[in-house]
Amino acid sequence: MKFYILCILLSLSITTVSPLLSDETDQTKFTECEGGPYPNTITNILISPNPLVIGQSASYTFNGTRNVEILKGSTIGFLIIDENYETILETKDDFCSIVETTNEKCPLPIGDYEFTYGLNIYSNKESSPENLDKPPKTCLYQLIIRDPKDIILSCIQGPVDLSYVFTASNNGF
Ligand SMILES: *[C@@H]1O[C@H](CO)[C@@H](O)[C@H](O)[C@H]1NC(C)=O
């Protein structure tokens, strides 16, 4: 199961596209996690689509400055929890295998970077009829990059809207 999910994530990860972060109005809000400051800063992040849709694919792009290298064995984790602190999505992947699908290779050097990653917004919660009628709800996301010894290199969190259906498909007919 884990391997299957990783394959989906890998096949969805796409190469770096610079213009994504240039429109500042669309950017996703965030603050650094408690326990910071962490060595590798994140300047901007864009999670799309907005709202995220359960059962659909999504992606996030972020940039910043690395003050320490990313070594083989580092991980990237993405977590979404709802207002009741229930986990909606939790992923943890080998960062270096992901960057190898672009033309980069670990160790990733110190300096400015930009990174895009695909996500599958699956959920073990059934999308019951009453959920389908609800407006998107605001959840909390957290993005954590850890080194091979599990020391946190980057950690941010912020609000993200989550929907059970595409808003557009909800107002027809
Ligand atoms: C991140 O992207 C923004 C918007 O394009 C840009 O202004 C900023 O300089 C970038 N930061 C880094 C560290 O590359």
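Where a number appears in this text, it was derived from the coordinates with a stated rule and is not lab data. Because the structure is predicted, anything quoted here is derived from the model rather than measured. Here the Cβ is made from the backbone with ideal geometry for all residues, glycine too, and neighbour counts use every protein chain on show.
List of remarks:
- J(HN,Hα) series, the stretch 21-31, from Karplus relation 6.51 cos²θ - 1.76 cosθ + 1.60, nearest Hz, glycine and proline x: 8, 7, 8, 5, 5, 8, 6, 7, 6, 7, 10
- DSSP-loop chymotrypsin sites (Phe, Trp or Tyr not before Pro) across the stretch 39-144, with at most 15 other Cβ within 10 angstrom: TYR85, TYR122
- Note on THR25 and SER57: their simple-model spin labels are 2.9 nm apart, each label 7 Å out from Cα toward Cβ.
- Label separation (ASP82 vs LEU140): 1.6 nm, computed from points 7 Å beyond Cα along the C-beta direction.
- Residue-span extension gain [TYR122 to THR43] - 0.36 nm each, minus C-alpha spacing: 25.7 nm
- Here the stretch 46-159 is assigned +1 on the Cβ of each Lys and Arg and -1 on the Cβ of each Asp and Glu. Its dipole about the Cα centre then comes out at about 180 debye.
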